[in-house]
Amino acid sequence: MLAMDYRGPYRVRVEEKKMPRIEHPRDAIVRVTRSCICGSDLHLYHGMVPDTRVGTTFGHEFCGIVEEVGDEVTNLKAGDHVLVPFNIACGQCHFCKQGLFGNCHESNPQATAVGGIFGYSHTAGGFQGGQAEYARVPYADFGATLIPDWMDPDDAVLLTDVVPTGYQAAEMGGIQKGDTVVIFGAGPVGLMAARSAWLFGAGRVIVFDHLEYRLEFARTFGPAEVYNFKEVDDVVVFMKKTTDGLGADVAIDAVGGDAAGNALQWLFGTKLKLEAGNAIALHWAINSVKKGGIVSIVGVYGPTGNIVPIGNVVNKGLTLRANQASVKRLLPRLIDHVKAGRINPKAMITHRIPLEDIADAYHMFSAKLDNCIKPVLIPNAA
Amino acid sequence: MNALTGNKTLVDTSSVTGWAVDADPRNDPTYPYRERDKDPGLTSNWQRPPVQQSNVEILQSIEHIRRPAVFGTANPPSGVSGMIRRVAFRYSESNWMHWLLLMGADRINVVEGVVEDLGRGKVPNIPGEMGVRAEWKHNKKGLATKVAVMAAIGVGAYALFSRRRTRQPAPSKSVTRLEL
Ligand SMILES: NC(=O)c1ccc[n+]([C@@H]2O[C@H](COP(=O)([O-])OP(=O)(O)OC[C@H]3O[C@@H](n4cnc5c(N)ncnc54)[C@H](O)[C@@H]3O)[C@@H](O)[C@H]2O)c1
Ligand SMILES: [Zn+2]
Ligand SMILES: [Zn+2]
């Protein structure tokens, strides 16, 4: 089968690879029909995630058709159309019982801090991902979710990650009616966070980015007040001024370690790798939220450490909440929202690219060429 | 109480689809803290899934008390990078050494990948792998600048290298440094 193949930082291609096979009684093999590239894949692509081995197939946002199931998978059969949450979760360990499906303890030998994730390096379990014609789906009886008949597969594939992630970012913000919510990042995750903030009753939604085309999209998709951080002198002062000197009630980091916008952080984090990525967005979130406010972090950082003003977290009495999205937990509610027309995820898809053109797809999404917001890969076998 | 002041609302919330449908005062404290006692008194002895059987070498975090029930079997550690990875896994996830060694191994692994390609008689098309076609299509100016910079670096490196070669070799140090 054809599959994406990582060769090193900024180098990917397609390769003919062995078909995945059932390796565990709760596995399924899925023929992939759609597979996205995510902002999270960029951390891998840029060589920021330790233990990303050459030969890895990325891809944790995919949907497709069940080809084969293991002995213990009784709720799925060949031919079923499923969407596959990016978290590999058993559904029964200490953490899964608390709904922490992004933190399963039975899916990742290489690390305890994160559960298994498809195609996300050996630090996340060493699983091959879904940017391929076929994928092995462990714990398929728990994770893989039937796509309702009425649902557009373009919406389904976005429900595997960015929609729940944006929604959970807003949820973890503990937003109360009327709250002012500031969101850093207008990528698919930040866009969904902006949309979701309203569902939780926000009174004001503000989005920062530096890519004009994304801000323009956020303005109507949120809807949101949008600002280019390169055009304001000081993001934090700006936020204080626009909230009568108080700061936002809730700040959301939807950027993570591949941020732009601060030379020092860029040097230490992005270039020298002395910290786990550039943490300027988190820095701004901490400093622009009000005292007693909540900072909700879904942007992804490496496992070592980052330079952030933790003293201000103490002095301001902030609550930090963060996680990998717990996709399976949120799916029922989000499927409702899609059905009711409250969210329209597929509007974010800007590019459909054959799997064969993976190298160009990655470069385009990474360099933000051609006004790219969300690229979807379509394998030939689809 | 929120910091919002009425006149600052630029969006009329009644016009926003789905406004406040998920508003819930009980959403604070929110997930995940809210669910913290869903599993009271539980120890690590939960009902485990069946355990995956495999002969592939799996490196395991020393913070695990036993191997998780499922895992990926692709790309087991191999070569020099594999040797470094094995050493890395002697340290916990809390230890910087763990991650520094893995990052070092990743870089060496890239060289191993090229050697492997060449060994199979395949010269990797590196510009292609880096998406030069997309760059050409959507960012011709950027591509031109990059090519110019690369050329300048190439010429500079060559000049430096050929000058070094004519000097006496420096006494070698016995410190092995990982290229990060
Ligand atoms: N926690 C989770 O479960 C989860 C899931 C999916 C993605 N993520 C993470 O969310 C983040 C965003 O993902 P995405 O797919 O939207 O990525 P993306 O790359 O498409 O978007 C990131 C956006 O942030 C902008 N940005 C860069 N620096 C900024 C700054 N200093 N302030 C404000 N904006 C800035 C970029 O211009 C870009 O538009 C990534 O870190 C990704 O890894 C987390
Ligand atoms: Zn993702
Ligand atoms: Zn679990």
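Since only A:108, A:377, A:194 are under comparison, the one whose Cα sits farthest along the positive direction of the charge dipole of the protein assembly as shown, derived from C-beta charges on Lys, Arg, Asp and Glu, is A:108. A DSSP coil position with no more than 14 other Cβ atoms inside 10 Å describes the following GluC sites (Glu not before Pro) in the range A:211-314: A:231. Note the angle between two axes, namely the Cα long axis of helix A:327-339 and the longest principal axis of the Cα atoms of chain A, as a number of degrees from 0 to 90, rounded to the nearest 10. Approximately 80 degrees, to the nearest 10.
For chain A, with a Gaussian network of springs between Cα atoms less than 10 Å apart, report the residue from A:174, A:302, A:245 with the top mean-square fluctuation. Most flexible of the set in this elastic network: A:245. Computed from point charges on the beta carbon alone (+1 for Lys and Arg, -1 for Asp and Glu), the dipole magnitude for the range A:162-322 about its Cα centre is near 260 Debye. Comparing mean-square fluctuations of A:183, A:280, A:22 from a GNM of chain A with C-alpha springs under 10 Å, the top value falls on A:22. As an exercise, use a Förster radius of 41 Å and the Cβ-Cβ distance of residue A:260 and residue B:94 to find the FRET efficiency, rounded to the nearest 0.05. My answer for the efficiency is 0.85.
Only the Cβ atoms of Lys and Arg (+1) and of Asp and Glu (-1) were treated as charged; on that basis the dipole of the range A:2-112 about its Cα centre amounts to roughly 280 debye.
Under a Cβ-Cβ cut-off of 13 Å, what is the net charge of the residues other than residue A:28 that fall near it, where Lys and Arg count +1 and Asp and Glu count -1?
Net of charged neighbours comes to -3.
Against chain A, whose longest principal axis comes from its Cα atoms, helix A:212-221 is set at around 80 degrees. Phi angles across the range A:274-281 convert, under the Karplus curve 6.51 cos²θ - 1.76 cosθ + 1.60 with θ = phi - 60°, into 3J(HN,Hα) values of 6, 10, 7, x, 7, 9, 5, 5 Hz, Gly and Pro given as x. Only one residue of B:87, A:254, A:297 has its Cα farthest out toward the positive end of the dipole of the protein assembly as shown, where Lys and Arg carry +1 and Asp and Glu -1 on Cβ, and that residue is B:87. Here the Karplus relation 6.51 cos²θ - 1.76 cosθ + 1.60, evaluated at θ = phi - 60°, turns the backbone of the range A:242-247 into coupling constants of 7, 10, 6, x, 8, x Hz, with x for every Gly and Pro. All other residues whose Cβ lies under 9 angstrom from that of residue A:304 are scored, Lys and Arg at +1 and Asp and Glu at -1, for a net of 0. The local environment of residue A:68, defined by Cβ-Cβ distances under 9 Å, has a net charge of -1 under the rule Lys, Arg +1 and Asp, Glu -1. Listing A:244, A:155 from fewest to most neighbouring C-beta atoms within 10 Å gives A:244, A:155.
Among A:272, A:191, A:100, the largest mean-square fluctuation in a Gaussian network model of chain A, built with springs joining Cα atoms closer than 10 Å, belongs to A:272. Amide H contacts under 5 Å for residue A:297: A:253, A:321, A:322, A:323, restricted to partners 5 or more places along the chain or on a different chain, H placed in the peptide plane at 1.01 Å from N.
Here, each number is a calculation from the coordinates, and none is a lab measurement. In this text, all values refer to a predicted model and were calculated from it rather than measured experimentally. Heads up, the Cβs are rebuilt from the backbone with ideal geometry, glycines too, and the neighbour counts pull from every protein chain shown.
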